[in-house]
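Enquirer: First, the structure itself, so that you have it in front of you.
Here, each number is a calculation from the coordinates, and none is a lab measurement. Bear in mind the structure is a predicted one, so any value in this text is a computation, not a measurement. Cβ coordinates were reconstructed from backbone atoms using ideal geometry, including for glycine residues, and neighbour counts include every protein chain displayed.
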Amino acid sequence: MLDAFAIIGQSAIAFFAAIGRLAKFTGLTLSHMLRPPLYAGKFAQQLMAIGYFSLPVVGLTALFTGAALAQQIYVGSVRFNAESAVAGVVVIAIVRELGPVLAGLMVAGRVSSAMAAELGTMRVTEQIDALTTLSVNPIKYLIVPRILAAVIVLPALVLVANIIGVYGGFVVGTQKLGFNPGTYLKITVDFLDQSDVYSSMVKAGVFGFILALMGCYHGFNSSGGAQGVGKATTDAVVSSFILILLANLIITIAVFGT
Amino acid sequence: MTETPKIRLRGVHKAFGPKTVLNGVDLVAEKSKSLVIIGGSGTGKSVLLKCVLGLLTPDRGSIDIDGKSVVGLTGAAKTKHLEHIGMLFQGGALFDSLPVWRNVAFGLIEGQGMAKAEAKHEAIENLRRVGLTPDVAELSPAELSGGMQKRVSLARAIATRPDIIFFDEPTTGLDPIMADVINDLIVDRVKALGATAVTITHDMASARKIADHVAMIFKGQIIWHGPVGDIDSSGNAHVEQFINGRAEGPIEMEILKA
């Protein structure tokens, strides 16, 4: 019985210690964001790595999801003679939820893991220690450019994902389901509210912060050689996914809950 | 009046959880002299070095450089402290995302703000000083042999003309001839810079070649310290066993105790 209490206690302490370490790392990163120097070259490099090179995977995901969504909504709504809702539901679903969430998850899978693997390898090969001995702050040089770039570039990626996702629905709606293109576009525009776009961009920024923070945190603090780097990569992706979905729920309730 | 030692450690303790690694280290490194710390694997040599560098914070004790405490330095004070220090890591710790010349010039460009063209010229000059030709400058570290990587790492360590240079197992993993080349380079470069050198190694050939003074660490304490010429008549059973590489003696290998 006492052993059970000890296990629960140790788990609770370990959990709160992990939260504390993450909070400290986040605070340190944010404080360095506000102080010069900003390594502009590293920042530009990360904008390309996170944004430009994620475009194909994000674009294809949005295209196929938008197209499938239009087909599914049509099948569901035709039973109630509500086919005209297809364009409206597609645009709302894509812009409010699927665009930011799918883009966030796809980029997390691609970028968060890469960050954790790269930083983890740098940690176990003492490259991060080497940075420190060369009078360069590793948080400022390695972490700040990645997180800043992700926060800035994710909204742009989500904007593109939203447009491509809606286009996927438009293609299926007009080419397969027989909607008039002009009518489809008019309903799309009529249904879309400015606040939908704003919430989508806010979500994207938050997701960018989460996925970069998780990749950097787990990679930066990895230990134990190749196995440690592998664990850091897995932890980065899993924690990014969970936190993105949790943050999405919180923002959705906060914005659309009333 | 006696001269203030370049580096002085008094009663330095460091533990990781229940494992005590440094157990009251007292050590002095004289200015412009070469101190070699010898000891078996797991005796605390690397932890000692990292404490002096500020990569780890000791639990207790003091570490003074030029008479000033360097324990717990942060921010600008830590950066200033590290500006006077060069470090050659055991595995080289070269940045694999950068070409060789950028590795060598890293401290000059990112740490001291030197213009890239000037820093590249300086880097090539430093590569020449460690016996590497300018065509190596554009290669990636992954394209170099182990010996060449050590030389590049040495060139990086001396590029900022530091007052103190640390060498962590500089000859580990090298063939005897290349190890001797690295030893000669270390002696030559340290003398040319007039720097204080602290080397940790378990390679006695290296220790005899590099050292002015030798200290032996065992179970987290310095058990012998003296001029390199006295090491063969140290009168210390631990030192005699270690320098002669005997399995029998007061140093019990953990594997034999099991």
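Enquirer: According to the square roots a ≥ b ≥ c of the eigenvalues of the Cα gyration tensor, what is the shape class of segment A:206-258, taking rounded for a/c under 1.5, prolate for a/b larger than b/c otherwise, and oblate for the remainder?
Expert: prolate
Enquirer: Now, a different point. Return the tail of the calculated pair distribution for chain A, meaning the percent of Cα-Cα pairs more than 26 Å apart.
Expert: When every Cα pair of chain A is considered, 48 percent fall beyond 26 Å.
Enquirer: Quick check for me: using +1 on Lys/Arg Cβ and -1 on Asp/Glu Cβ, what's the dipole size of chain A about its Cα centre, in debye to the nearest 20?
Expert: In debye, rounded to 20, chain A gives about 280.
Enquirer: Here is a further query. Based on the Cα atoms of segment B:8-92, what semi-axes does the equivalent ellipsoid have, where each is the square root of 5 times one gyration tensor eigenvalue, given in whole Å with the largest first?
Expert: 19, 16, 14
Enquirer: Please provide three numbers in whole Å: the alpha-carbon extents of segment B:172-258 along the principal axes, with the largest listed first.
Expert: Here the spans come out as 45, 28, 22 Å, largest first.
Enquirer: Can you give me the Kirkwood hydrodynamic radius for segment B:121-181, using every pair of distinct Cα atoms, in Å to one decimal?
Expert: After inverting the pairwise mean of 1/r, the radius is 12.2 Å.
Enquirer: Among B:Glu3, A:Glu118, B:Glu83, B:Glu118, which comes first, then next, by fewest other beta-carbon atoms within 10 Å?
Expert: Ordered from fewest to most neighbouring Cβ atoms within 10 Å, B:Glu3, A:Glu118, B:Glu83, B:Glu118 come out as B:Glu3, B:Glu118, B:Glu83, A:Glu118.
Enquirer: What FRET efficiency comes out for the pair A:Gln175/B:Ala142, r = Cβ-Cβ distance, R0 = 51 Å, nearest 0.05?
Expert: 0.55
Enquirer: I want to check the label-to-label distance for B:His121 and B:Asp230. Put each point 7 Å from Cα in the C-beta direction and report it in nm to one decimal.
Expert: About 4.8 nm separates the two model spin labels.
Enquirer: Could you tell me what % of all Cα pairs in segment A:135-223 have separations over 23 Å?
Expert: Tail fraction, whole percent: 46.
Enquirer: Also, quick follow-up: Across peptide B:61-71, how many C-beta atoms of other chains are within 10 Å of each residue C-beta, on average?
Expert: Per residue, the number of nearby Cβ atoms from other chains is 0 on average.
Enquirer: Note down the relative contact order for segment A:186-258 as a percent, whole number, built from C-alpha pairs under 8 angstrom at least six residues apart.
Expert: Reported relative contact order: 35 percent.
Enquirer: Here's a follow-up. Return the distance in nm (one decimal) between the two label points of a simple spin-label model at A:Met33 and A:Phe64, each offset 7 Å from Cα along Cα→Cβ.
Expert: Here the modelled spin labels are 3.3 nm apart.
Enquirer: Regarding segment A:41-172, what whole-number volume in Å³ per residue does the convex hull of its Cα atoms give?
Expert: 88
Enquirer: Continuing with this model, one more query. Using just the alpha carbons, could you tell me how many Å³ per residue the convex hull of segment A:30-116 encloses?
Expert: Spread over its residues, the Cα hull of segment A:30-116 gives 115 Å³ apiece.
Enquirer: A further question on this structure: At a threshold of 8 angstrom on Cα-Cα distance, excluding pairs fewer than six apart, so keeping six or more, what relative contact order does chain B reach in percent?
Expert: Result for chain B is 24 percent.
Enquirer: If we count other beta carbons within 10 Å of each Cβ, what is the order of A:Leu154, A:Leu69, fewest first?
Expert: Sorted ascending by nearby Cβ count, the order is A:Leu69, A:Leu154.
Enquirer: Sticking with this one: Pick from B:Ser41, B:Ser62, B:Ser206: which residue has the top mean-square fluctuation in a GNM of chain B where Cα pairs under 10 Å get a spring?
Expert: Comparing B:Ser41, B:Ser62, B:Ser206 in a Gaussian network model of chain B, the most mobile one is B:Ser41.
Enquirer: Find how much the distance from A:Lys24 to A:Val202 grows on full extension, using 0.36 nm per residue of separation minus their present alpha carbon separation; answer in nm with one decimal.
Expert: 61.7 nm
Enquirer: Let me know the volume per residue of the alpha-carbon convex hull for chain B, in Å³.
Expert: Normalising the Cα hull of chain B by residue number yields 148 Å³.
Enquirer: In addition: Evaluate peptide B:43-53: per residue, the Cβ atoms of other protein chains within 10 Å of its Cβ; return the mean as an integer.
Expert: 1
Enquirer: Something else now. Pull up all non-local amide H partners of B:Gly61: gap of 5 or more, or a different chain, and H-to-H distance under 5 Å with H placed in the peptide plane.
Expert: Amide H neighbours of B:Gly61: B:His13.
Enquirer: What shape does segment A:111-161 have by the C-alpha gyration tensor, where a ≥ b ≥ c are the square roots of the eigenvalues, rounded means a/c under 1.5, and otherwise prolate means a/b greater than b/c and oblate the rest?
Expert: oblate
Enquirer: Let's see if you can work this out: charge +1 on each Lys and Arg Cβ, -1 on each Asp and Glu Cβ, no other charges. What is the dipole magnitude of segment A:58-194 about its Cα centre, in debye to the nearest 20?
Expert: The dipole of segment A:58-194 has a size of about 140 debye.
Enquirer: So what's the gap between the Cα centers of segment B:27-46 and segment B:208-245, to the nearest angstrom?
Expert: Their Cα centres are 10 Å away from one another.
Enquirer: Please report the Cα spread of the protein assembly as shown along all three principal axes, rounded to whole Å, starting with the longest.
Expert: Largest to smallest, the principal-axis extents are 101, 68, 41 Å.
Enquirer: With a cut-off of 8 Å between alpha carbons and a minimum separation of six or more residues, what is the relative contact order of segment B:39-84 in percent?
Expert: Rounded, it is 26 percent for segment B:39-84.
Enquirer: Give me the distance in nm between label points sitting 7 Å out from Cα along the Cα-to-Cβ direction at A:Ala226 and A:Ser11, one decimal.
Expert: Output for this residue pair reads 3.3 nm.
Enquirer: Now, a different point. Neighbouring Cβ atoms within 10 Å as the yardstick, rank B:Val47, A:Val111, A:Val160 fewest first.
Expert: A:Val160, B:Val47, A:Val111
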